[in-house]
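Report on the following structure.
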Amino acid sequence: MRIILDAGPQCHRVPVQESVTLESNTDSMADLPSHLHLVYHALQPYPADIPLEDVYANLDLPAGDGSRPFVYLNMVQTFDGQTVLDGTAWTIGTDADHHLFRQLRVHADVVLYGAGTLRTDDVIVTTHPALQERRVRRGQPPNPLGIVVTATCHFATETFGKKFFRRADLDRLVITTPRATAADVDRVRAAGVAVEIVPATPDGEVDLTAVMRYLTGKHVRRVLCEGGPRLNAGVARAGFIDELFVTTGLRLGGDPTAPRLFTAPVTDRPLHLISEYHYRAPQGVREMYFRFRYPR
């Protein structure tokens with residue numbers, strides 16, 4: 001199996017300085033392809049077959065500009081744009097996508113996601129053990145801080161059974177607004193999760209500008225947003241997304257009511273394609289991996 005990347009004009013290839021070999025029998029990695037095919041890349045010659053473990057291993061992501069952290073978004077979608085299939089996003093991507101998902105987390109100080117994602121997916125912010133050493137060498141903790149954004153802080157009882165509330169060994173935070181009742185805040189804190197209250201927008205949502213201001217004050221340099229679509233739309237509308245990583249699987253969901261990347265209007269800004277990789281299996285291309293950048 002190969003991942004194929006085709007790129008634009010040939011440029012000097014950035015040398016690979018780090019790579020991590022993951023054991024094939026851990027965390028659903030038994031069927032990982034060895035290479036992706038490079039279709040487009042602004043800094044590397046193309047086309048070329050790139051080892052999967054090198055694709056996002058050496059991303060040069062900025063550390064913010066002092067006014068706010070650098071924000072990058074990572075999502076997976078079907079070919080017709082669904083971000084949920086059979087009730088979850090996880091089943092859309094292949095093991096290759098899951099591996100790149102882990103690679104993108106390596107660079108984050110914070111992983112941000114909305115309450116809806118917590119309710120539908122049993123999300124937990126961890127880094128694969130084989131990648132934690134890289135974070136530690138850079139002076140980061142082994143795992144990013146996991147933050148859930150919610151306007152009300154109201155979670156159904158069953159939500160407290162999710163891994164986010166059970167993993168006391170991980171750093172977790174819920175950011176909410178004054179709309180949250182004291183009882184709901186106390187329930188979250190009783191589960192061992194810290195709560196930070198920021199202002200609400202006029203329509204009652206979390207003020208994401210206040211969130212970025214809070215994170216800047218905590219010296220957070222890079223924030224990875226993992227959805228869902230409602231949070232994506234808010235972050236995009238505020239102009240906070242610096243880079244966008246999108247996996248497109250060659251599958252059709254066929255549900256016109258299913259969530260998309262964004263569930264609300266966003267500011268139309270020009271996107272620059274930075275790279276495109278393809279995962280080729282014997283039966284043909286299975287996934288495409290896009291990296292876009294918003295000029296600042």
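The values are calculated or read from the model by the stated rules, or taken from the named source; none is laboratory data. All of these numbers come straight from a predicted model, not from anything done at the bench. Note: ideal-geometry Cβ built from the backbone for every residue, glycine included; neighbour counts use all protein chains shown.
Of all residue pairs spaced 6 or more apart or on separate chains, those with beta-carbon atoms under 8 Å, a first member in segment 103-130 that is within 14 Å of Arg221 (Cβ to Cβ) and in contact (Cβ under 8 Å) with a residue 24 or more places away in the chain and a second member that is among the β-branched types (Val, Ile, Thr) and assigned to a loop (DSSP other than H, G, I, E, B) are Val106/Thr127; Asp109/Val220; Val110/Val220; Val111/Val125.
For segment 84-103, filtered to residues that are at pLDDT 85 or above and hydrophobic (A, V, I, L, M, F, W, C), the residue that is surrounded by the fewest Cβ atoms within 10 Å (Cβ to Cβ) is Phe101. Here segment 104-150 is the region considered, the condition is being farther than 19 Å from Val246 by Cβ and of a type in the set (D, E, K, R), and the residue that is nearest to the chain's Cα centre (by Cα) is Asp109.
Checked against (1) β-branched (Val, Ile, Thr); (2) modelled with pLDDT of 95 or more; (3) within 16 Å of Gly93 (Cα to Cα), Val285 passes all but condition (2).
Residues in segment 261-296 that are aromatic (Phe, Trp, Tyr) and not in a strand (DSSP E or B): 2 in all. For segment 219-245, the candidate set comprises residues that are over 12 Å from Pro69 (Cα atoms) and basic (Lys, Arg); within that set, the residue that is surrounded by the most Cβ atoms within 10 Å (Cβ to Cβ) is Arg230. Kindly establish whether Arg230 is at pLDDT 95 or above and of a type in the set (Lys, Arg). Here the answer is no, as Arg230 does not meet what is asked.
With respect to Thr91, is the statement that it is without any contact (Cβ under 8 Å) to a residue 40 or more places away in the chain, assigned to a loop (DSSP other than H, G, I, E, B) and within 27 Å of Ala194 (Cβ to Cβ) true? It is false that Thr91 is without any contact (Cβ under 8 Å) to a residue 40 or more places away in the chain, assigned to a loop (DSSP other than H, G, I, E, B) and within 27 Å of Ala194 (Cβ to Cβ). Filtering segment 173-192 to residues that are farther than 15 Å from Gly114 by Cα and touching a helix residue (DSSP H, G or I) at 6+ places or on another chain (Cβ under 6 Å) leaves only Ala191. Within segment 280-296, residues that are within 30 Å of Thr267 (Cα to Cα) sit with their Cβ atoms under 9 Å from residues that are acidic (Asp, Glu) and part of a strand (DSSP E or B), at 6+ positions apart or across chains, in these pairs: Met288/Glu276; Tyr289/Glu276; Phe290/Glu276; Arg291/Glu243; Arg291/Glu276; Phe292/Glu243; Arg293/Glu243; Tyr294/Glu243. The set of residues from segment 143-188 being over 11 Å from Ile124 (Cα atoms) and of a type in the set (Lys, Arg) comprises Arg179, Arg187.
Determine whether segment 142-153 contains at least one residue that is in contact with a strand residue (DSSP E or B) (Cβ under 8 Å, 6 or more places away or on another chain), at positive phi and not aliphatic (A, V, I, L, M). Within segment 142-153 (the criterion being in contact with a strand residue (DSSP E or B) (Cβ under 8 Å, 6 or more places away or on another chain), at positive phi and not aliphatic (A, V, I, L, M)), the answer is yes, since at least one residue qualifies.
Residues that are at pLDDT below 85, surrounded by 11 or more Cβ atoms within 10 Å (Cβ to Cβ) and within 15 Å of Gly93 (Cα to Cα) do not occur anywhere in segment 266-273. Pairing residues of segment 178-200 that are on the phi > 0 side of the Ramachandran plot with residues that are surrounded by 12 or more Cβ atoms within 10 Å (Cβ to Cβ) and part of a helix (DSSP H, G or I), at Cβ distances under 8 Å and at least 6 apart in sequence or on separate chains, gives Gly192/Phe165.
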